[in-house]
Amino acid sequence: MGCRRFALAAAALLAACSGALAQNYPTQRVTIVVPFSAGSITDGLARILADKLGEIWKQTVIVENKPGIPGTASVAKATPDGYTLMLTSNGHTIAGAITRTLPYDPVKDFAGVTQVASAALVVIVPPDSPAKTLKEFIDLAKQKPGTLNFSSAGVASTTYLAAEVFKQQANVNITHVPYRGAPEAVTAVVRGEVQFYFAPLPNSLELSATNKVRALAVSTAQRVKPWPDLPTVAEAGVPGYKYDSWFAVMAPANTPKPILNKVSRDIATVLKMPDVVEKLEAQGSFPFTNTPDEFDVILKNDTERYTKLLKDAGIEPH
């Protein structure tokens, strides 16, 4: 009985200390690691959050770009005190499915904070592509299986995942060519190095307006406000297709729950600010949040779902 009382007292003391820690948090600089290059959707979201959270917390919040697996691994190994966070895309959920020797577990080594937004992606092709519509591109891909290429911002990026879902649902064989980041993947289309890309909406709007690319469809279930005449992929040739890429904040596993809850609440406050909503909508993103516990469930379920999707596609980890 004495041991049980001691354990309960220790747990109560730990909870009280964690609560006090969260109440004072943060007392120093906070770093948001982005495992993608500057100029990506993820990077843009992180910088919006960093500015506003810095104002709320009255502390410096910096964004550190560490593209690829090394960036994510650095967060997994960071001290779990709330001073190292990560903003990433749902491409995070497939890292284990495509990398045999991943130096972290995408679920077990992270604590969810909150999702922050979903974003529309736009199917773009070179301006001289013979495909004037998405249906024409699908027909072309079926006539020349394995000969057309698509770019992505990396093998664990949301742009890659959107294309893999498209490949399966459209039943086409197109070859993946990964690039170091979104700017490079877009440039590859402009130059005609690849024939297809699910691009961030702001890039697509700008490049389409200057005839540097041709936009064929948007990935979301509904058309997007900045581009109301652009059809959805489902409308343009792949019935039932819907891909909303999500972006979320995570922390190293074992970060105290009171700190996770505080960061989640403060991010929710930021995402209700009218100027933030306006910025996100302008880039085709739609703000939304959830609790750390709710996001943990989504992270686990999506990791299982997309891992199965890639396995069914015959994609083996390398």
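The values are calculated or read from the model by the stated rules, or taken from the named source; none is laboratory data. For clarity, every value in this text was computed on a predicted model and none was experimentally measured. Neighbour counts run over all protein chains shown; Cβ positions are idealised from the backbone, glycine included.
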message = Criterion first (outside any loop (DSSP other than H, G, I, E, B), in contact (Cβ under 8 Å) with a residue 40 or more places away in the chain and surrounded by fewer than 23 Cβ atoms within 10 Å (Cβ to Cβ)) does A234 satisfy it?
response = no
note = When every residue in the stretch 275-295 that is assigned to a helix (DSSP H, G or I) and under 15 Å from the mean Cα position of the chain (by Cα) is compared, the one surrounded by the fewest Cβ atoms within 10 Å (Cβ to Cβ) is L280
note = Residue pairs within 6 Å by beta carbon, gap of at least six or interchain, first lying in the stretch 126-143 and farther than 21 Å from E235 by Cβ, second of a type in the set (D, E, K, R), listed first then second, are P127/R214
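Does P228 qualify as being without any contact (Cβ under 8 Å) to a residue 40 or more places away in the chain and surrounded by fewer than 20 Cβ atoms within 10 Å (Cβ to Cβ)? Don't jump to the end; show me each part of the working.
Working: without any contact (Cβ under 8 Å) to a residue 40 or more places away in the chain: yes; surrounded by fewer than 20 Cβ atoms within 10 Å (Cβ to Cβ): yes.
Yes: the conditions hold for P228.
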note = Of (1) over 29 Å from L260 (Cα atoms); (2) buried (at least 23 other Cβ atoms within 10 Å of the Cβ); (3) of a type in the set (A, V, I, L, M); (4) in contact (Cβ under 8 Å) with a residue 40 or more places away in the chain, V165 satisfies every one except (2)
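Each row is one residue, and each column tells you yes or no for (1) aliphatic (A, V, I, L, M); (2) at pLDDT 65 or above.
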| residue | (1), (2) |
| --- | --- |
| A15 | yes, no |
| S18 | no, no |
| V30 | yes, yes |
| A46 | yes, yes |
| I56 | yes, yes |
| Q59 | no, yes |
note = Being part of a loop (DSSP other than H, G, I, E, B) and in contact with a helix residue (DSSP H, G or I) (Cβ under 9 Å, 6 or more places away or on another chain) narrows I259, I267, I315 down to just I315
Selection status of E304, under 18 Å from the mean Cα position of the chain (by Cα) and part of a helix (DSSP H, G or I) = yes
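In the stretch 194-229, how many residues are in a loop (DSSP other than H, G, I, E, B), among the aromatic types (F, W, Y) and under 20 Å from the mean Cα position of the chain (by Cα)?
Pass one, the stretch 194-229, residues in a loop (DSSP other than H, G, I, E, B): 194-195, 210-213, 219-229.
Now drop any that are not among the aromatic types (F, W, Y), which leaves 227.
Next, from what is left, pick out any that are under 20 Å from the mean Cα position of the chain (by Cα): none.
Total satisfying the criteria: 0.
Mind listing whichever residues of the stretch 127-183 are in a helix (DSSP H, G or I), out of contact with any Phe, Trp or Tyr (no Cβ under 9 Å at 6 or more places or on another chain) and under 19 Å from T93 (Cβ atoms)?
Going through the stretch 127-183, the residues in a helix (DSSP H, G or I) turn out to be 134-143, 158-170, 182-183.
Within this subset, residues satisfying the condition of being out of contact with any Phe, Trp or Tyr (no Cβ under 9 Å at 6 or more places or on another chain) are 134-136, 138-140, 142-143, 168, 183.
Once the filter is applied, which keeps residues that are in a helix (DSSP H, G or I), out of contact with any Phe, Trp or Tyr (no Cβ under 9 Å at 6 or more places or on another chain) and under 19 Å from T93 (Cβ atoms), the stretch 127-183 yields only Q168.
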note = Scanning the stretch 153-162 for residues that are modelled with pLDDT under 85 and of a type in the set (S, T, Y), the one surrounded by the most Cβ atoms within 10 Å (Cβ to Cβ) turns out to be T158
query = From the residues in the stretch 168-227 that are of a type in the set (K, R) and closer than 26 Å to P287 by Cα, which one is modelled with the lowest pLDDT?
reply = K225
task = Enumerate the pairs (first residue in the stretch 82-99 and touching a residue at least 12 places away in the same chain (Cβ under 8 Å); second residue anywhere and assigned to a helix (DSSP H, G or I) and among the charged types (D, E, K, R)) with beta-carbon separation below 7 Å, excluding pairs fewer than 6 apart on the same chain, so at least 6 apart or on different chains.
result = N90/D302; T93/D302; A97/K311
